[in-house]
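So the structure is just underneath, and the comments pick up after that.
The numbers here are math on the coordinates, done by the rules we state, and not lab data. This one's a predicted model, so the numbers in the text were calculated from it and none came from an experiment. Using ideal geometry, Cβ is built from the backbone for each residue, glycine included, and neighbour counts are taken over all protein chains shown.
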Amino acid sequence: MKKRLVIGALLAGTVAGSTWLVGSAEAKGGGEGAAAPAAAPEIPVEEVTVRQLAEKVELTGTLTAVENVALRPRVSGYVEAIHLPEGGLVKKGQLLFSLDDRPFQAALQRARAELARAQERLTLTQRQAERGESLVADQVISQSKFDDMAAARGEARAQVDAARAAVRAAEIELGYTRITSPIDGRVGQALVRPGNLVSGGTDGATLLTTIVSVDPIHVQFDVDEPTFLRLGAAREQGAQVEVELSGDEAGVRTAKLDFLGNQIDPSSGTARARAVLRNGDGALSPGLFARVRVPTSAPAATPLVSERAIAADQGGRYVLVVDDQNVVQYRPVQLGGATDGKRIVREGLQPGEKVVVGGMVRPGMKVQPRQPAQASAEAPAEGGVR
């Protein structure tokens with residue numbers, strides 16, 4: 001029995017030893033036959049390009065009318081008729097409202113009658129004074145009597161002048177019963193109806209409607225302190241600014257900078273600026289919001305980089321650059337405005353350098369950059385550069 005146990009143990013030990021040797025041989029063989037290191041990954045890149053550009057800053061502005069008129073009557077009276085096309089375009093001098101002019105016609109007739117009486121009085125006093133000249137010369141009347149005649153003639157002349165002025169005033173007030181547009185522009189809603197009594201004058205006059213000029217139109221916007229300083233001589237030279245409105249089929253419009261405030265508002269840290277925009281078709285209206293791009297420098301050779309290449313961390317904006325050895329490098333950059341889907345690079349990149357625009361990469365990795373033509377044909381990939 002003991003002999004059988006000894007033989008079994010020896011066989012078990014032999015099998016175990018054979019198994020370890022085989023395992024060791026397999027492990028050693030696996031090490032010798034391991035695959036070569038993986039190839040560097042391909043990533044899309046784009047070159048930093050250069051264009052002649054003027055750096056611009058984008059601001060938010062509001063369209064305002066060059067002329068804005070609150071139309072009020074100059075005389076009081078009842079509204080007889082309304083002629084304005086509500087919401088439509090009107091010309092300067094176009095009739096908009098008519099007031100009942102009968103009281104003013106009567107006042108004019110009365111003034112004309114007073115003028116006629118004054119003229120008759122003047123004629124009489126002139127004749128008396130002419131006769132008095134010969135009579136005083138012949139000593140038929142006294143000098144004092146003649147002086148009274150001359151004074152009456154002078155008073156009659158003054159009365160004629162006053163009567164003529166009254167006639168002119170009555171004519172003017174009669175003309176005020178026809179209320180016309182003082183400017184070319186777009187008229188608003190009529191705020192009175194026929195039969196309403198309106199008050200004229202300067203204090204408490206009734207508002208009839210409003211009129212805003214159409215062409216040109218102003219674009220008002222506020223600039224911050226750095227932009228105010230960079231604008232420099234632009235205020236004097238009338239720099240061209242770009243104006244874009246949401247939903248405007250005309251696309252980007254060009255306006256001319258015609259005003260820049262002479263001081264910064266301490267409460268907001270901004271200064272008011274204004275540009276003049278042509279609006280010949282009348283499609284633009286005051287109150288619309290606009291994106292305004294103002295040039296802050298003269299055109300110069302400017303590096304541009306794709307928006308897809310830009311990422312951000314706690315240190316600011318950066319890009320990943322592929323160097324001559326195809327190694328990815330971290331590069332902080334200072335950016336400017338945007339143009340045609342690219343960003344202006346103020347500092348950090350040189351023309352011709354290749355930047356990563358997609359893929360899962362990190363600084364220090366060796367990569368195989370794809371050609372720019374191949375990279376641009378593909379959609380931007382999500383990865384470490386974003």
Gained length - Phe289 relative to Ala106, 0.36 nm times residue gap less alpha-carbon distance: 60.7 nm
Phi-based couplings in Hz for the range 286-291 (Karplus 6.51, -1.76, 1.60; Gly and Pro marked x): x, x, 6, 8, 9, 9
Selection from Gln143, Ala169, Ala158, by position along the positive dipole direction of the range 102-175 (Cβ): Ala169
Residues with amide H under 5 Å from that of Leu71, placed H, sequence gap 5 or more: Leu208, Thr209, Thr210, Ile211
Gain on full stretching of the segment that runs from Gln334 to Ile264 - 0.36 nm per residue minus C-alpha separation: 22.6 nm
Hull-based mean projected area of the range 151-307, where the convex hull spans the alpha carbons, in square nanometres: 18.9 nm²
Least to most buried among Asp340, Asp148 (fewest other Cβ within 10 Å first): Asp340, Asp148
Full-extension gain in nm, Gln350 to Thr123, via 0.36 nm per residue minus C-alpha separation: 72.0 nm
Size descriptor, Kirkwood hydrodynamic radius, that averages inverse alpha-carbon separations across the range 239-279, Å: 11.8 Å
The range 341-349 - phi-based ³J(HN,Hα) in whole Hz, Karplus 6.51/-1.76/1.60, Gly and Pro as x: x, 10, 10, 6, 10, 7, 8, x, 9
Convex hull of the range 102-175 built on C-alpha atoms - directionally averaged projected area, nm²: 4.6 nm²
Under-5 Å amide H pairs with Ser297, H placed in peptide plane, nonlocal only: Glu55
Label point distance in nm, Val50-Ala250, each placed 7 Å from Cα along Cα→Cβ: 3.7 nm
